[in-house]
Amino acid sequence: MKKRWFFVFVALMIAVCLVATGCGEPEDVGVTEEPGEPAAEAEEEVITLIAQSAFPRGDIGGDALAYFAEVAAEYSDGTLQIDTFAEPEVVAMFEVPDALVEGLIDITQAHAGLWSGRGMYVGDVEFGLPYGYVIPEIPDFKGKAEEILRFFYEDGFLDILREEYAKQGIHWLGINTFGPVGHFNATEKAAKALQGTPDDLKGLVVRTDSTWMEWNHKVGMVGQDMAPGDAYTGLQTGTLDAHIWDVSAYLGMGFEEVAPYMVLGTENEHSLGNTVMSLAVWESLSPKQQDALTKAAEDYFFKTVDLYTEALEELQEKIDKGEIIQVHMSDENLELHRKTAYELWDEMGARDEASTKAVELFKKWRGVE
């Protein structure tokens, strides 16, 4: 009897020990955080995005999209992986805006004039008003690019653009340069006409788009909107007389073979592309990932400035060797282009409220009445 009560007593004492002191619990061997010390951050998910340039392999800015992807990965500590493609590897050039809105791609590098097809007419202004990005007060190529960047961020142009892109479900990330654009890659027939009289321009068939097409039409040319690959064939077969593109046309795309005359006079000193992405995807990213993309877009801008600086030097070597024949538009034709250029500014500004505001900013910036 005494033994039984003894074992009951021992059992009760063990129970009291467990409740009062936590005896028998497994030992905590983890790291003890000091009071006030923040908890360790959870490892961020790796996100894979699809980016396509609106331009084919061989285009300088389009090929450099891989650089944008590389630095975005670095800035995000590897949590952003961007697979890059050229036109038409996912979609064709003129399908890019719809593809971005519909989620077939997440990011694109293109020119903003493509967005006018969706009713965002201020994109044509962003791409480049005729002579809108001519900056004679600054002598060097990089300095001109930096002044354009300042204009976007400090003079209010970016505010207009971000608002309009957001209406399309798009987030504007940054700009890139295409170098001088507006010169003609011309056949011999077109080169003679451009060096001739305004009557010689009538009926000249040019592969062009956006602002440049409207300008070509105003001086009597026939503009045709098509992808660069089709333009090469058109020049080769004689259905086209000239082509408007940046210097990539002669430095990787092979247009010196079918349109060796480079006709100067109507080009902007810089023409601009941009990098934009799905707003829904942007908003799904962490602040660190958003910051990584913003920094990558800025780096990409300066990368394209450097690439086109080198490209202009390479182009000059081809001109010196006679592989490309550089000529200038006649004074008579140049005067016609100048007159119609500023008429076009007013016409483009009248399209909608955003375009009106944008053109007024350009007029103030460039001192145009």
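With Rg and the Kirkwood Rh both taken from Cα atoms, where does Rg over Rh land for the chain?
Here Rg/Rh amounts to 1.28.
Antiparallel versus total DSSP beta bridges in the chain: what percent is that, nearest 5?
Taking every DSSP beta bridge within the chain, about 50 percent pair in antiparallel fashion.
Any number yet on Rg/Rh for region 161-208, C-alpha, Kirkwood?
1.27
Compute the signed sum of charges (Lys and Arg +1, Asp and Glu -1) over the other residues within less than 11 Å, Cβ to Cβ, of His270.
Result for the local shell: -3.
Calculated FRET efficiency, Arg366 and Glu45, Cβ-Cβ r, R0 51 Å, to nearest 0.05?
0.65
Which net charge results when you count Lys and Arg as +1 and Asp and Glu as -1 among the other residues whose beta-carbon is under 13 Å from that of Lys144?
Cβ neighbours under 13 Å give a net charge of -3.
So what are the ³J(HN,Hα) numbers for region 255-262, from phi and the Karplus equation (6.51, -1.76, 1.60; θ = phi - 60°), rounded to whole Hz, Gly and Pro as x?
6, 5, 6, 10, 8, x, 8, 9
How big is the Kirkwood radius of region 67-218, worked out from every pair of different alpha carbons and given in Å to one decimal?
In region 67-218 this quantity evaluates to 18.1 Å.
Whole-Hz Karplus ³J(HN,Hα) for region 123-137, in order, using 6.51 cos²θ - 1.76 cosθ + 1.60 and θ = phi - 60°, x for Gly and Pro?
x, 5, 5, 4, 4, x, 5, x, 6, x, 10, 9, 10, x, 6
Pairs Lys192/Lys318; Lys167/Lys288; Lys142/Lys202; Lys189/Lys218; Lys142/Lys364; Lys288/Lys364: which exceed 31 Å Cα-Cα?
Over 31 Å Cα-Cα: Lys142/Lys202; Lys288/Lys364.
Assign one of three labels to region 228-369, namely rounded, prolate or oblate, based on the Cα gyration tensor with a ≥ b ≥ c the square roots of its eigenvalues; rounded applies when a/c is under 1.5, prolate when it is not and a/b is larger than b/c, and oblate otherwise.
Because a/c hits 1.5 or more and a/b fails to exceed b/c, region 228-369 counts as oblate.
Dimensions of region 102-164 along principal axes (Cα, Å, largest first)?
42, 20, 20
Provide, for q = 0.16, 0.17, 0.20 Å⁻¹, the log10 of I(q)/I(0) from a solvent-free Debye sum over equal Cα point scatterers in region 134-276.
-0.92, -0.99, -1.17
Between Ile105 and residues 5 or more places away or on another chain, which pairs have amide H atoms under 5 Å apart, with H built 1.01 Å from N, and which residues are they?
Here the answer is Leu100, since their amide H atoms fall under 5 Å of that of Ile105.
Out of residues 5 or more away from Ile325 or on other chains, whose amide H comes under 5 Å of its own, with H placed 1.01 Å from N in the peptide plane?
Tyr261, Met262
Gain in length, Leu104 to Thr237, computed as 0.36 nm per residue apart minus the alpha-carbon separation, to one decimal in nm?
44.5 nm
Hey, how many Å between the Cα centroid of region 242-258 and the Cα centroid of region 95-154?
Rounded to whole Å, the Cα centres lie 21 Å apart.
None of the figures in this text is laboratory data; all of them are computed from the coordinates on show. Since the model is a prediction, treat every value here as computed from it, not as a measurement. Quick reminder, even Gly has a Cβ in these numbers, built from the backbone with ideal geometry, and neighbours come from all protein chains shown.
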